Every structure is written in C-alpha cells, then in structure tokens.
Amino acid sequence: MTTQAAIQSQHAATHRYVPSTSTPVSPEKVASVLKAEWELFTQGTKASETESKRAFNSLPLGVTSSFQHWDPYPISISSAKGAYMTDVDGRQLLDLSMGFGAMLAGHLNPIVIEEIEASLKQGMLFVTPSPTSTDAAERICKRFGIDQVRFTNSGTESTMYAVRVARSATQKMGILKIEGGYHGSYDPFVVSSKPPVAEAGDAEEPTPYIDSNLVPGDIYVVPFNNIEALERMFASNANKIACFIVEPVLENIAIVLPDAGYLERVRELCDQYNVILIFDEVKTGLTAGAHGASARLGVKPDLITLAKSIGGGLPLAAFGGKKKYMDFVSNGKMAHFGTFNGNPLAMAGVRAIDRICTDEALAAAEELNLQALTRIGQIIDEYQLPAHTVGFGVKGCVTWSTTPVRNYRDYKATDFGIAEAHWLFALNRGIITPPGLDEQWLISLAHGQAEIDLLVEDFREFAKAIRA
Ligand SMILES: Cc1ncc(COP(=O)(O)O)c(C=O)c1O
C-alpha cells in the first residue's frame, strides 16, 4: 500500500495519514451529538430492545460473547447476505465488521455454500483421519509458508496450544506479551489486555495487570514498538521466557502499526535469546493479504496462529509453523486433542476460502480500502478534524488523535467520546462496525464501489455534524 503519511516511520506495507493541522472539537459539541444520536438509536431499534430484554433472562448480558454487548442494548440481527445484514427491526445495515474478519468472503458466499453442501452430503463428523483434513492442511501450509499445522475450533485454543508448543520446545514456562495485546480468553492472555493505566505501572516497563480470577503463570509484558524495553526484558528474563506472542499489527486497539524495522529487530532478539516468536494472525491472517501479515511484512515467526478469515465463517482455527517445533506435537511431549478438530464442515470452509481468496481478489478489496482511507483522509483535512487514518490490508480505521498511535498508552490517550459519536452516527444511518471502539472496518470481497461511497459519505456527514 502506498504510504501517504506526513510521518513515515511505520512499516512500508502499511498505511497511515496524519494531517499536519487540525482544530479541536469541543467536548460539549461531542456530548450534544451523542445525546441526539442515542435518542435516535432507541427510537429506531424497538425490536432489538425487546429481543435484548428477552435474552437477558437466559444469557448473561443477553449475549453469547461479552464483546457483543453494549449499553443500553445491542442490535439484534436476523439475517445476512453479501455485505449487508438485516436487523430484527427490519433495517438493512451495511456490515463493515464482517464477523471480525471471519466473513471476509462475504455473507453466504456461493462458493462457501457449495463446498459446505458438498461436504454435508458426505457426512457430518468422522473423528478419524480424512482426506478433507489433509487437503485443508496442505492448503494452509502452502498459503502461509509453514511446515505443519494443526486445526482447532477457536483462536483462543490456537494461541493456547502455540504457547504449549513453545513451552515444550524450550522447557521454559514464561510468556511475554504486549501491553494492550489480545490473544483470546486463556488466562495469561487476559493479563494486561486492557489494563487501567493508573494501575499498569511505568509506560516503558509496564507491570502485568492481573485480574483476581486469573491464574496466568509466569507472565511478562512489554510496550509495542519499543525495542529498548524488549532488550531490557530479555537481558533480565530470557532464561525464563518460552515465547513472545504478538500480533504483527495490533488489531484489538483499533489498528496500531509496527514501526519500520521493529518486527525485524524483534525477530533478531528472539533468535539471540532463544525465545520462540509467535505471530498471532487470528485477526490479520488473510485480511492482511493473500499470504498473511508475516509474508506481507517480510518477517517470519517460528509459530503462527490463525482463525477467523481462514474458515469462511465456520468455527475454525489453527496453529502451526516450523517442523522442529511442531515435532513436539508429533513426539507426544505436548497434548493436542479435540473432538471437533478438523471437522469436515470446517475443512470445507478452508477449501472454499482457498478457492475464493486469490491474490487478485484480495488486492482488489485492498484497493477499495485504500480508496476509502484516502477519501476519508481528505475529509479529515477539509474539516480540520483532530484525527488520522490507519490501514492494513483490507482493514482501516479513523483514530481520533493528532499524533500516531504506537502503543497501548498512546491508544488510551485518543478521544473515545468522538469515536463513540462516530460509531453511533454510522449505526443510526445503516452502517454497522464492530461494537467496541477498539475495532476497525473491513472491506470484504462482497463490498464494491457503492459500499465504499456509503462509508465515505457517511463520514462526511459526521464531519459536518461535529462541526455544525
Ligand atoms: C489477535 C487475536 N487472537 C486471538 C483471538 C481469540 O480468538 P477467538 O475469539 O476465536 O477465541 C482473537 C479474538 O478476537 C484475536 O483478535
């Protein structure tokens, strides 16, 4: 992707545009827009409200994953096709979340349906080896440039198993993660995933923030994009640390790009200190390009974890990498089991996605994303908004800060009030992005020029509203 930024320190395969001038938006203005938008929301979503009240009886917070909840209640969806979803109030919504990336091929993609239907005709679950799982493994290994892979059912499982491989291989038990990094809900990964800054210690040497219900083991935390902090950490603790797990581009605190040279130096230091490098590509994966973020950014980890985009919307994930490490699964030194691992329907999903996600198809979606980012950047300039754009592959976001966000502490200093107003403004006008303010939009293979225009023009309307 072309870099247009005034500040050009991030990796060259990523996008960031930070305008050189802006004027603040008053908190009073943000508050008044938010108040009006919440009124609009509750007026237009009566059926979602009823559905949420009903769901609260049987499901904590009325949802199946706590991410899905927001106050006063979330939108309830009845169906989805292509780039759109329909909610229980009958409103059509442009989906820019696309299942956090799991629906990269679009809702009800005909090739995904074809592969699933063909698979169903052969049976549901064998719990024995099958040519379908070997075929899927071969496709994943080839595409992501890894020697071996094992399938699981969720990203959380995959990151947990990748850590177990690293512990088996190094005979060290410690885990190093990034402050603000999210890798699923296994105990060590919840540590410092969104710590309260006041209780997280020094920005250069963060204290692991551990909720009282976690048993995380030996856990260490460093800030992203800070090689000096990593060197200090390794110099003191590498003899206890099995692995460094990191998203090559952080995609759980909006989008935080690696500085030019950061990942390359991380690779060198992990080699120097005998620490296994795990790239968590659960979110990046195919949304980063046809061969994942590792290939895109030119840095090879020892192990990778994959989920979401590789399975066509089925519950599928994987961990894999160099044979010398996956050998610890082969030699029985580490346990990896699972009734549903490699189930035929999920394998059909892999086959479908491998057919659909060609280099050309993903490059075309990325081109549309770049167009959206560029046009939104121009609107930010025109309205002198205190914001900038960030993008990677088919994902993009507006970050409400006048300076680049390079780590969790920078992210915590962004303006969450305007971010919420922007999200809600779009939702009230038929555009749904993920519920947290930490997320990004995704241009799937089902999105076209019309959808890019909707995204961009909605942003213009928001800019007008916030400057009115
Ligand atoms: C980077 C990353 N790793 C792991 C996970 C966990 O995946 P799952 O929700 O499938 O358990 C997520 C989920 O969003 C993620 O973003």
For 358-366, 329-337, 395-403, ranked highest to lowest by mean beta-carbon neighbours within 10 Å, the order is 395-403, 358-366, 329-337
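Please report the antiparallel percentage of the DSSP beta bridges confined to the stretch 110-356, to the nearest 5. All intermediate terms of the calculation are to be shown ahead of the outcome.
Values: 11 of 27 bridges.
So the antiparallel bridges amount to about 40 percent of the total.
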With the charge dipole of the stretch 110-356 built from beta-carbon charges (+1 for Lys and Arg, -1 for Asp and Glu) about the Cα centre, the Cα from 229, 250, 170 projecting farthest to the positive end belongs to 170
Reduced to Cα centres, the span from the stretch 325-359 to the stretch 383-411 in Å works out to 35 Å
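Is there a quick way to get the dipole size of the chain? I mean about its Cα centre, with the Cβ of Lys and Arg at +1 and of Asp and Glu at -1; what is the value in debye to the nearest 20? Numbers along the way, then the final one.
Numbers: 41 positive and 53 negative charges, 183 e Å.
The calculated dipole for the chain is roughly 880 debye.
Rounded to the nearest 500 deg cm²/dmol, what is the calculated helix-only ellipticity per residue at 222 nm for the chain, with -39500 (n - 2.57) per DSSP H run of length n ≥ 4?
Numbers: 15 runs with 186 residues, N = 468.
When only DSSP H runs of four or more count, the value is -12500 deg cm²/dmol.
For the chain, compute Rh as the Kirkwood radius over C-alpha pairs and then the Stokes-Einstein diffusion coefficient at 25 °C and 0.890 mPa s; write the answer in µm²/s, rounded to an integer. Can you show the working numbers first?
Details: Rh = 22.9 Å.
Reported coefficient: 107 µm²/s.
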Cross-link reach from residue 177 to aspartates and glutamates, straight Cα distance under 12 Å and at least 8 residues apart if same chain, gives 218, 247, 280
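What ranking do 455-465, 341-351, 290-300, 242-252 get when scored by the average of other Cβ atoms within 10 Å per residue, highest first? Walk me through the intermediate numbers first.
On the way: 455-465: 17.8, 341-351: 23.7, 290-300: 20.2, 242-252: 26.5.
Packing order, densest peptide first, comes out as 242-252, 341-351, 290-300, 455-465.
Quick check: at a probe of 1.4 Å, how many percent of the accessible area of the stretch 80-141 sits on carbon and sulfur atoms?
Numbers: 1950 of 3080 Å².
Exposed carbon and sulfur together represent 63 percent of the surface.
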Looking only at lysines whose Cα falls under 25 Å of residue 172's and that sit 8 or more positions away or on another chain, we get 240, 300, 322, 323, 324, 333
Per its Cα gyration tensor (rounded if a/c is under 1.5, else prolate when a/b beats b/c, else oblate), the stretch 110-356 is best filed as prolate
By the C-alpha gyration tensor axes a ≥ b ≥ c (rounded if a/c is under 1.5, else prolate when a/b exceeds b/c, else oblate), the shape of the stretch 7-123 is oblate
Output for the stretch 55-130: chymotrypsin sites (Phe, Trp or Tyr not before Pro) sitting in coil per DSSP, at most 15 other Cβ within 10 Å, listed by number, reads 126
Dipole check, the stretch 110-356, charges on Cβ (K,R +1; D,E -1), about Cα centroid: among 145, 274, 131 the Cα furthest to the positive pole belongs to 131
Whole-Å distance linking the alpha carbon centroid of the stretch 40-100 with that of the stretch 19-35 is 28 Å
Length-normalised contact order of the chain, Cα under 8 Å, at least 6 apart, in percent, tallies to 24 percent
Any trypsin sites (Lys or Arg not before Pro) in the stretch 95-150 that lie in a DSSP loop and have at most 12 other Cβ atoms within 10 Å would be 121
The lysines whose Cα lies under 30 Å from the Cα of residue 53, excluding any fewer than 8 residues away in the same chain, are 35, 81, 194, 308
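What is the dipole size for the stretch 1-139, taken about its Cα centre, with +1 at each Lys and Arg Cβ and -1 at each Asp and Glu Cβ, in debye to the nearest 20? Write down the numbers at each step before the final one.
Values: 10 positive and 14 negative charges, 46 e Å.
Here the size comes out at about 220 debye.
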Answer in debye to the nearest 20: the dipole magnitude of the stretch 110-356 about its Cα centre, from +1 Lys/Arg and -1 Asp/Glu charges placed on Cβ, is 840 debye
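The values are calculated or read from the model by the stated rules, or taken from the named source; none is laboratory data. All figures in this text were calculated on a predicted structure; none of them were measured in a lab. Because the Cβ atoms are built from the backbone with ideal geometry, glycine has one as well, and the counts that use them run over all protein chains shown. Surface areas here come from the heavy atoms of the whole protein model, side chains and all, with no ligands, DNA or RNA. Shrake-Rupley method; radii C 1.70, N 1.55, O 1.52, S 1.80 Å.
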